[in-house]
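Structure first, commentary second.
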Amino acid sequence: MMRVAVLGLNHGYTFASQMVQSDRVKLVAVAGNDEQSIQRANELGVPIYSDYKQLLQTNHLDGAILTLPNQLHLEAVEACAKLGIHVLVEKPIAPTIEEGRAMIDLCKSHHVHLLVGHHRRLAENVLEMRRLIQDGAIGELVAVTMTCALCKDKAYFNESWRIEKGGGPLLINSIHDIDTLRFVTGQEVTNVYAASRNRIRGNQVEDSASILLELEDGATVTYFITDGIPAPWAYDLNLNENDRFYHHEADCYAFFGTKGSISFPSMEHYSYSDDAYGWAHPLQKQTHSVEKNDPFFAEWNHFLDVIENEVQPIITGEDALATLEVLLTIQQSAALKQTIALKNKTYVQE
């Protein structure tokens, strides 16, 4: 049985609470330093360390799941890598490209696996959409629209880092949507133009942004994000993957091709037949059925597969770094009010 620790019991609690019920892995210990973490560790029945480095040095581990603040990712990965502990790091891989690259190099030099926690890549409906798009179900991709419009609880903003630069919805939420876009289309972003605003709450950080992206084959993407408007169009609200969010039956993405279009997550596929083509005729509609899964459960089990069977991570450090690069370019574009080309493709693993 593999031995794993979870460092951080906010998002990490989801993993920990599932692992203690599994006969495939032993949750050896957790790390956390607040009252909620202590309470959760007691509920889980596992030891808790206020110093995660002491946890790593004291216990024999096969792997560690890191759900620590972004600025701690590099030092935590370094501590794990030097002890030969494989790591699953929560997204984003790091706050900067340089730190992300350093994490990748550390893991390679110490021969440990690095998996980055873009869990949506393991959702069955995302995998099915990827198959449909890349198999040409709607022909050549022409455009994509993406929306992440929701309203976070007022108490969410009580933590100061969430209202300061770097704590807004772009880095916290958009990184999921951008990674899903890259994964589903199999294409890289080549040009970015973004306009961000803070007119909803008036804090230092953005609370909305409108973004135009160009993909390498010429398709365009329009993307709107906000975390301060009452609205039902967002992945977290529409997919019903997490009990924390109220579920709304709505679509947050649409993919448009030369032969048809598909909305997500309803998976409604529209097209014409050759003998009844155009707006004078009714559209043909089919709905692709998908057996949904729990992507968080799939994520940590995939991590165990990576450790145990040396399965290739579904998102490597290099791939996660490419997603981070797009997000940082979006932030830069919004700050400079200009279009920016992404020239660095060295992070994308073939």
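The values are calculated or read from the model by the stated rules, or taken from the named source; none is laboratory data. From a predicted model like this one, the values you see are computed outputs, not experimental measurements. Positions of Cβ are generated from backbone atoms using ideal geometry, with glycine treated the same way; all protein chains shown enter the neighbour counts. Please note that ligands, DNA and RNA were not included when accessible areas were found on the heavy atoms of the full protein model with its side chains. Shrake-Rupley method; radii C 1.70, N 1.55, O 1.52, S 1.80 Å.
A quick yes/no check of all residues on (1) among the hydrophobic types (A, V, I, L, M, F, W, C); (2) more than 23 Å from D305 (Cα to Cα):
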residue	(1), (2)
Q21	no, no
L27	yes, no
D51	no, yes
Q71	no, yes
E78	no, no
V89	yes, no
M103	yes, no
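Could you check segment 84-127 and list, in sequence order, the residues that are among the aliphatic types (A, V, I, L, M), part of a loop (DSSP other than H, G, I, E, B), under 27 Å from K343 (Cβ atoms) and touching a strand residue (DSSP E or B) at 6+ places or on another chain (Cβ under 8 Å)? Matches in segment 84-127: I93 only. As a summary of the residue check, E325 satisfies the conditions (1) within 24 Å of M146 (Cα to Cα); (2) of a type in the set (D, E, K, R); (3) within 20 Å of the chain's Cα centre (by Cα); (4) open to solvent by 30 Å² or more (accessible area, probe 1.4 Å) except for the one numbered (4). Here N158 passes the criteria (1) under 18 Å from the mean Cα position of the chain (by Cα); (2) farther than 18 Å from S174 by Cβ; (3) polar (S, T, N, Q) except the one numbered (1). I'd like to verify a number: residues in segment 230-241 that are at pLDDT below 95 and either open to solvent by 50 Å² or more (accessible area, probe 1.4 Å) or in contact with a Lys or Arg (Cβ under 6 Å, 6 or more places away or on another chain) (or both), how many? Residues meeting the conditions: 1. The one condition from (1) over 29 Å from K108 (Cα atoms); (2) open to solvent by 20 Å² or more (accessible area, probe 1.4 Å) that H60 does not meet is (1). Only one entry of L114, L106, L88 meets the criterion of being closer than 22 Å to L171 by Cβ, in contact (Cβ under 8 Å) with a residue 12 or more places away in the chain, open to solvent by 10 Å² or more (accessible area, probe 1.4 Å) and not hydroxyl-bearing (S, T, Y), and that entry is L114. Going by the conditions given, is L56 among the aliphatic types (A, V, I, L, M) and more than 18 Å from V112 (Cα to Cα)? In short, no.
Which of the residues that make up segment 240-274 are in contact with a strand residue (DSSP E or B) (Cβ under 7 Å, 6 or more places away or on another chain), under 21 Å from P230 (Cβ atoms) and either hydrophobic (A, V, I, L, M, F, W, C) or part of a loop (DSSP other than H, G, I, E, B) (or both)? H248, A250, D251, C252, listed by residue number. Count of segment 63-80 residues, restricted to those that are under 18 Å from the mean Cα position of the chain (by Cα) and of a type in the set (D, E, K, R), is 0.
Listed by first and then second residue, the pairs linking a residue in segment 265-292 that is more than 20 Å from D236 (Cα to Cα) to a residue that is acidic (D, E), with Cβ atoms under 7 Å apart and 6 or more places separating them unless they lie on different chains, are K285/E268; T287/E268; H288/E128. For segment 159-176, the criterion of being more than 22 Å from H119 (Cβ to Cβ), in contact with a helix residue (DSSP H, G or I) (Cβ under 6 Å, 6 or more places away or on another chain) and modelled with pLDDT under 95 is met by at least one residue. Across segment 57-83, the number of residues qualifying as assigned to a helix (DSSP H, G or I) and either under 14 Å from L9 (Cα atoms) or touching a strand residue (DSSP E or B) at 6+ places or on another chain (Cβ under 7 Å) (or both) comes to 4. Among all residues of segment 227-244, there is none that is in contact with a helix residue (DSSP H, G or I) (Cβ under 7 Å, 6 or more places away or on another chain) and among the β-branched types (V, I, T).
Among the residues of segment 227-239, the ones that are outside any loop (DSSP other than H, G, I, E, B) and touching a Pro at 6+ places or on another chain (Cβ under 9 Å) come to 3 in all. Within segment 157-194, restricting attention to residues that are part of a loop (DSSP other than H, G, I, E, B) and open to solvent by less than 10 Å² (accessible area, probe 1.4 Å), the residue that is farthest from R130 (Cα to Cα) is G167. Residues in segment 215-226 include none that are surrounded by fewer than 21 Cβ atoms within 10 Å (Cβ to Cβ), touching a residue at least 12 places away in the same chain (Cβ under 8 Å) and touching a Pro at 6+ places or on another chain (Cβ under 9 Å). Summed over segment 279-318, residues that are part of a helix (DSSP H, G or I), open to solvent by 30 Å² or more (accessible area, probe 1.4 Å) and either touching a Phe, Trp or Tyr at 6+ places or on another chain (Cβ under 7 Å) or of a type outside the set (S, T, N, Q) (or both) total 3. The set of residues from segment 330-350 being at pLDDT 90 or above and surrounded by fewer than 20 Cβ atoms within 10 Å (Cβ to Cβ) comprises Q332, A335, L336, K337, Q338, T339, I340, A341, L342.
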